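Visitor: After the structure tokens below, expect a handful of questions from me.
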Amino acid sequence: MFRFQALTLFLCIILSSKIQGFQLKRPLSSKIAVSSVASTDVFHRSCSCSYGARSAKPCEMTMSATTTTTTTNKACAQSRFCCSLGSLTCMTLINHPATWIVATILGGNIGTPFVAQAKKAWYDRIPLPDWTPPNFVFAPVWITLYSSMGYAAFRVYQLKGLSSLPMKLALIHYLLNTSWAPIFFGMKRLRLGHVLNILLIATLLPIIPLFYQVDPLSGILLLPYMTWLFVATALSSAICALNPTVQGYNNAMLEADIYKLQKEAAKYAGL
């Protein structure tokens, strides 16, 4: 599974670079524009980073006439959007779609250890619906969905910035998403996980039209994710019905306790 994820991450980087119309090794241009302000004997200098057809938000500074070009260039290089990072001259990683895609995938995978442990300890031992998807389906599906989410967020960020309402709501939703696996698989709180699924749908509903208003493709990219959330919510509902929680205890916790006792017994017996 990890080899598959690594290959997928590599393909995401290559595809996103193609989409933006430039390769990672392509040198980027920086521009220094100088204009004098006659009334104050001060120069207004601005630098901007550009790549392909898109340009990053320029950084602007007001400097005295005695400020050297070298100092100006250094200040621009140290600014948020005008920097030097190896071959990616005068561009920060935040302005590259691959950064958003990879970061979204990696963030979504923080729950992987909880999932792996649950599969060994209790998930495959409790009653599950007959239509439960096979385990090998989940990894490629989530990698694909996280890639779409990351690229959609990148496009909205490019047009509206991080402080916009769509991006704030998307961040809240993403944090809820990453908390699901630790709650459902790690804490074995099946009902709480189901409630969180419903909350994920509720918070995604306003995000899709907001993304669509900013950039139609970004809104469309979230539709497969919404579809999968409905499937996941139906699955968690069925699991809760088959494994009811009584006084804070359910089959998942029972099977996990049995698994723990079996491991301790095997260790004690020297097996």
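Rule-based calculations on the coordinates, nothing more; no lab input. Note that this is a predicted model, so its numbers are computed, not measured. All Cβ positions, glycine included, derive from the backbone under ideal geometry; neighbour counts span all protein chains shown.
Visitor: Within segment 148-188, track down each residue that is closer than 16 Å to F211 by Cα and either touching a His at 6+ places or on another chain (Cβ under 6 Å) or hydroxyl-bearing (S, T, Y) (or both).
Guide: S148, Y151, Y157, S163, S164, Y174
Visitor: A follow-up question, please. Just checking, how many residues over segment 172-215 are assigned to a loop (DSSP other than H, G, I, E, B) and in contact (Cβ under 8 Å) with a residue 60 or more places away in the chain?
Guide: Of the residues in that region, 2 qualify.
Visitor: Hey, another quick one. Specify the residue that is surrounded by the most Cβ atoms within 10 Å (Cβ to Cβ); the eligible residues are those in segment 150-180 that are small (G, A, S) and more than 16 Å from V102 (Cβ to Cβ).
Guide: A170
Visitor: Tally up the residues in segment 216-248 that are among the polar types (S, T, N, Q) and either touching a Phe, Trp or Tyr at 6+ places or on another chain (Cβ under 6 Å) or not in a helix (DSSP H, G or I) (or both), please.
Guide: 4
Visitor: Criterion first (farther than 30 Å from T99 by Cα and touching a residue at least 12 places away in the same chain (Cβ under 8 Å)) does E264 satisfy it?
Guide: When the stated conditions are applied, E264 does not pass them.
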